[in-house]
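Asker: Got a structure here, written out as structure tokens. Questions coming.
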Amino acid sequence: MKTAMTLLVALLLGALCAAPAAAAPPEAGPPAAGPVPAPPGLTSTEVSFTGSGGLTLRGSVLAPAAKGPARPGVVLVTGSGSGVPREHLLTEAVEFARRGLAVLIYDKRSEGYTKLRRDYSELAGDALGGLRALRAQPGVDPAKVGLWGLSEGGWVAPLAASRSAEAAFVIVVGGNAMTPLRQQNWNETSVLRRAGVSGSLTDRGKPALARLAGDVGLFSEAYFGAEDVLRRVRQPLLGIWGEYDLQTPPEDNPPLFARALRKGGNTHYTFRFFPDADHGAHRTPDRGVTRGAELAPGYADLVATWVRDVTSGNLPEADAAAPPRQEYRSVDLPPLRWWESRWVQLAAAVLLLVGFAAYPLVALVRKVRGRRVRPVSRWARVLPAAGLAAAFGPVVYLFSLVAGSAPDPGPVLDGRPLPWLILQALAVAAVVAAAGTAVAWRRAGPVPPGERVRLGLLVAAGAVLVPWGLHWGVLLP
């Protein structure tokens, strides 16, 4: 029944545009490549290991070529996307290895990972498989191997560490201690705000769409309990954020990390922030819009020094630098309540569709049959078209904004995109028309039974449009 409901809502709200995938975090990377040649001064060793469900994963271990004592190691867990190749993190792997670490990068799974399905527990199992493989490598100290996670990996790496004491430490880059739904909504609304959009579209419409997508299953892991996971992490944790992180709120997340770790009794954390750096702690020439090839100055040095310190027993004690200021705050997005649930919204959508569409369709049938019934008011002629546009136009428009990687809201007037402003005007016109129709009907006196049903549906749809329009923001400033 749940699957049928999901399909019904998806068809109802998404059939006019290919948008469901936009509810998920941004995809990254081409199809998996292959072995990594050894960069100068390093060795590259091909490995394979078993991930969740018995899946065989392949990767490369980069390490200094020079012989020496058994060294610390780190497994790199990439961000979102199906089948992201190991080369996606080659820059990080090379720089960490040149500073004395053994680094495993591996081709991310594509099996079981789609635009509509991802399982952080499954990905954590893959990361632990990589951890075991790296601990078994010659020249690696098995007691000094930990996990590093970027973006989505910032949810996965702590989850893996919470399940295994074999992980000596955790590093997150552009990580989140909030739900994926809250992070993604901040990401998407921030893009719109930078385009000059404000008001009800970003404050109500976009969050309403995100919550519905999470409720019907179009956004996998929407309400993943990141803080619950962090409370179970006992290993020292290094959190790194770029000043110009445009995907993860760099000011909101560190306090959430600290609160969750402290609730679990873990005060061995370090938080650092890099100026002129993006979501992945790469240098950025344009405040986070473009990722440069180079890592932020000092980032690789920090990782190597911190890993050597914590694996030698020199643990940090609540060492948190002041975070950068965000231009826009993130907001918590709770699950839908009963009066805004998928079932209520589906019932409302059906009533809106039937109520507004039935009036002109019946008029058309009567015209074909040569019958005419004088409308009780001209308002009744305005209401169906304005009501349908006001009811379903905002949902379609919001879907279109998240369908692409670079949403274009169109011309913006006083914080409102022109399409949204038109939809707001239509919504107001529909509500006025519904009131005018109801008043005219009352003044008209008795009407034939069939006409009474048609008018009743029309006025009922107009009444439902009010809470519907408030929920989706089209009836708000």
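The values are calculated or read from the model by the stated rules, or taken from the named source; none is laboratory data. Only a predicted model underlies this, so the values are computations on that prediction, with no experimental measurement involved. We place every Cβ from the backbone using ideal geometry, glycine too, and count neighbours over all the protein chains shown. SASA here: full protein model, heavy atoms, side chains in, ligands and nucleic acids out. Shrake-Rupley method; radii C 1.70, N 1.55, O 1.52, S 1.80 Å.
Asker: For G100, indicate whether it is of a type in the set (G, A, S), closer than 25 Å to L302 by Cβ, open to solvent by less than 40 Å² (accessible area, probe 1.4 Å) and in a loop (DSSP other than H, G, I, E, B). Give the steps one after another, and end with the answer.
Answerer: Working: of a type in the set (G, A, S): yes; closer than 25 Å to L302 by Cβ: yes; open to solvent by less than 40 Å² (accessible area, probe 1.4 Å): yes; in a loop (DSSP other than H, G, I, E, B): yes.
Here the answer is yes, as G100 does meet what is asked.
Asker: Shifting gears a bit: Any idea how many residues of region 410-446 are in contact (Cβ under 8 Å) with a residue 24 or more places away in the chain, in contact with a Lys or Arg (Cβ under 9 Å, 6 or more places away or on another chain) and not in a helix (DSSP H, G or I)?
Answerer: 0
Asker: Shifting gears a bit: Report, by residue number, each residue of region 322-376 that is β-branched (V, I, T) and more than 30 Å from R287 (Cβ to Cβ). Spell out the reasoning first.
Answerer: Of region 322-376, the ones β-branched (V, I, T) are 331, 344, 350, 354, 362, 365, 368, 373, 376.
V344, V350, V354, V362, V365, V368, V373, V376 - these are the residues of region 322-376 that are β-branched (V, I, T) and more than 30 Å from R287 (Cβ to Cβ).
Asker: Next question, about the same structure. Taking the residues in region 137-158 that are buried (at least 24 other Cβ atoms within 10 Å of the Cβ) and aliphatic (A, V, I, L, M) as candidates, determine which candidate is nearest to R109 (Cα to Cα). Spell out the reasoning first.
Answerer: First pass over region 137-158, keeping only residues buried (at least 24 other Cβ atoms within 10 Å of the Cβ): 145-158.
In the following step, the residues that additionally are aliphatic (A, V, I, L, M) were identified as 145, 147, 150, 156-157.
Working: V145: 22, L147: 17, L150: 16, V156: 13, A157: 15 Å.
The residue in question is V156.
Asker: Separate question: Spot the failing condition for V395; the list is (1) within 26 Å of R204 (Cβ to Cβ); (2) modelled with pLDDT under 90, and only one is missed.
Answerer: Status for V395: all satisfied but (2).
Asker: Which of the residues belonging to region 451-477 are in contact with a helix residue (DSSP H, G or I) (Cβ under 8 Å, 6 or more places away or on another chain), in a helix (DSSP H, G or I) and at pLDDT below 95?
Answerer: Within region 451-477, R454, L455, L457, L458, V459 meet the criteria.
Asker: Taking only pairs six or more apart or across chains, which ones have beta-carbon atoms under 7 Å, a first residue in region 237-261 that is in a helix (DSSP H, G or I), and a second residue that is open to solvent by 10 Å² or more (accessible area, probe 1.4 Å) and among the basic types (K, R)?
Answerer: Listed pairs, sorted by first residue: A260/R231.
Asker: Are any residues in region 159-170 open to solvent by 30 Å² or more (accessible area, probe 1.4 Å) and assigned to a loop (DSSP other than H, G, I, E, B), and if so, which ones?
Answerer: Residues satisfying the conditions are A165, E166.
Asker: Considering only region 314-358, how many residues are basic (K, R) and without any contact (Cβ under 8 Å) to a residue 60 or more places away in the chain? Walk me through how you get there before you give the answer.
Answerer: Looking only at region 314-358, we keep the residues that are basic (K, R), and these are 325, 329, 337, 342.
From what's left, without any contact (Cβ under 8 Å) to a residue 60 or more places away in the chain: 337.
Here the count works out to 1.
Asker: Output the residues belonging to region 193-218 that are open to solvent by 20 Å² or more (accessible area, probe 1.4 Å), assigned to a helix (DSSP H, G or I) and within 21 Å of D408 (Cα to Cα).
Answerer: R193, R194, D203, R204
Asker: Here is a further query. Go through V310, V303 for me and flag whichever is touching a helix residue (DSSP H, G or I) at 6+ places or on another chain (Cβ under 9 Å) and at pLDDT 95 or above.
Answerer: Numbers: V310 fails: touching a helix residue (DSSP H, G or I) at 6+ places or on another chain (Cβ under 9 Å).
V303 is the lone residue from the list that is touching a helix residue (DSSP H, G or I) at 6+ places or on another chain (Cβ under 9 Å) and at pLDDT 95 or above.
Asker: Quick one: what pairs do we get from region 184-202, first residue under 13 Å from T248 (Cβ atoms) and touching a residue at least 12 places away in the same chain (Cβ under 8 Å), second of a type in the set (S, T, N, Q) and buried (at least 21 other Cβ atoms within 10 Å of the Cβ), C-beta under 6 Å, 6+ apart or different chains?
Answerer: W186/S330; N187/Q247
Asker: Filtering region 293-315 down to residues that are in a loop (DSSP other than H, G, I, E, B) and open to solvent by 20 Å² or more (accessible area, probe 1.4 Å), which residue is farthest from L237 (Cα to Cα)?
Answerer: Taking region 293-315 and keeping what is in a loop (DSSP other than H, G, I, E, B), we get 293-294, 296-298, 312-315.
Retained after the next criterion (residues that are open to solvent by 20 Å² or more (accessible area, probe 1.4 Å)): 293-294, 297-298, 312-315.
Details: A293: 26, E294: 24, P297: 21, G298: 18, S312: 15, G313: 13, N314: 13, L315: 10 Å.
The qualifying residue farthest from L237 (Cα to Cα) is A293.
Asker: Right, here's the next one. Just give me the residues in region 223-232 being surrounded by fewer than 24 Cβ atoms within 10 Å (Cβ to Cβ) and either touching a Pro at 6+ places or on another chain (Cβ under 8 Å) or part of a loop (DSSP other than H, G, I, E, B) (or both), in sequence order.
Answerer: Taking region 223-232 and keeping what is surrounded by fewer than 24 Cβ atoms within 10 Å (Cβ to Cβ), we get 223-225, 227-229, 231-232.
Selection gives Y223, F224, G225, V229, R231, R232.
Asker: Considering only residues that are in contact with a strand residue (DSSP E or B) (Cβ under 9 Å, 6 or more places away or on another chain) and at positive phi, which ones fall in region 389-417?
Answerer: Passing the criteria: only G410.
Asker: Right, next: In this structure, is T290 assigned to a loop (DSSP other than H, G, I, E, B) and crowded, with 19+ Cβ neighbours inside 10 Å?
Answerer: Numbers: assigned to a loop (DSSP other than H, G, I, E, B): yes; crowded, with 19+ Cβ neighbours inside 10 Å: no.
Judged against the criteria, T290 is not a match.
Asker: Considering only region 284-302, how many residues are more than 16 Å from P324 (Cβ to Cβ), among the hydroxyl-bearing types (S, T, Y) and touching an Asp or Glu at 6+ places or on another chain (Cβ under 6 Å)?
Answerer: 0
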